[in-house]
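In what follows, a structure is listed as structure tokens, so that the remarks can point back to it.
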Amino acid sequence: AWLDFEEKALQRCGAWRGTEMVQVLHACAMAQRRPKRLLAKLAKDIPDKLPQFDASALCVCLHTFAQLRSRDASLFSVVTRRLLHPDRKDELTPSHLSSLLYSHARVLQYDKGLVRLTQRSLADDQSPFELE
């Protein structure tokens with residue numbers, strides 16, 4: 001059944017919008033499946049459709065690729081550059097930054113800009129941690 005799903009998904013994924021890509025990636029992670037051909041196709045399609053994704057959706061994409069141990073350096077680079085662009089940095093929350101750091105670490109990718117932004121964010125955060 002899974003191979004049939006992958007075949008049909010490969011045929012249709014070029015027409016998917018960003019939200020549909022996120023849903024399929026999430027489904028793969030939940031099913032603990034790593035359809036290599038589909039992941040490769042999505043890794044090529046996501047950069048072409050970046051305007052269709054908000055910060056959360058892009059973080060979910062990278063997180064899923066990382067969970068499935070799919071290392072596509074180009075995808076990680078393009079998505080991270082997009083998220084760290086000065087026009088979009090205000091969209092990034094601490095949750096987004098932690099997700100991005102996790103994703104990069106999981107696939108052994110280093111992004112100097114992401115590390116710098118995280119360091120600045122931590123330095124700017126003057127509120128002490130609260131324990132409940």
Q: Give, as a single signed number, the net charge of other residues whose beta carbon lies under 14 Å from the beta carbon of Asp45, with Lys and Arg counted +1 and Asp and Glu -1.
A: +3
Q) Using alpha-carbon pairs under 8 Å, 6+ residues apart, how would you state the relative contact order of the chain in percent? A) 23
Q.
Only sites in a loop by DSSP and with at most 11 other Cβ atoms within 10 Å count here; which trypsin sites (Lys or Arg not before Pro) in region 1-38 make the cut?
A. Arg17
Q: Express the Stokes-Einstein translational diffusion coefficient of the chain in µm² s⁻¹, to the nearest whole number, given a Kirkwood radius over alpha-carbon pairs, 37 °C and a viscosity of 0.692 mPa s.
A: 211
Q. In a shell of Cβ-Cβ distance under 15 Å around Ala9, excluding Ala9 itself, what net charge do Lys and Arg (+1) and Asp and Glu (-1) give?
A. +4
Q. If you bin the C-alpha pair distances of region 11-67 every 10 Å from 0, what whole percents do you get?
A. 24, 63, 12
**Q.** Förster-model FRET efficiency, 30 Å R0, Asp45 and Asp124, C-beta, rounded to 0.05
**A.** 0.25
Q. Just how many pairs of Lys in the chain have C-alpha atoms closer than 19 Å, counting pairs that are eight or more places apart or on different chains?
A. 7
Q: Rounding to the nearest 20 debye, state how big the charge dipole of the chain is about its Cα centre with +1 on each Lys and Arg Cβ and -1 on each Asp and Glu Cβ.
A: 700
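Values quoted throughout were computed directly from the atomic coordinates according to the rules given, and no laboratory measurement underlies them. Note that the coordinates shown come from a computational prediction; the quantities given were computed from them, not determined experimentally. Ideal geometry is used to build each Cβ from the backbone, glycine not excepted, and the neighbour counts take in all protein chains shown.
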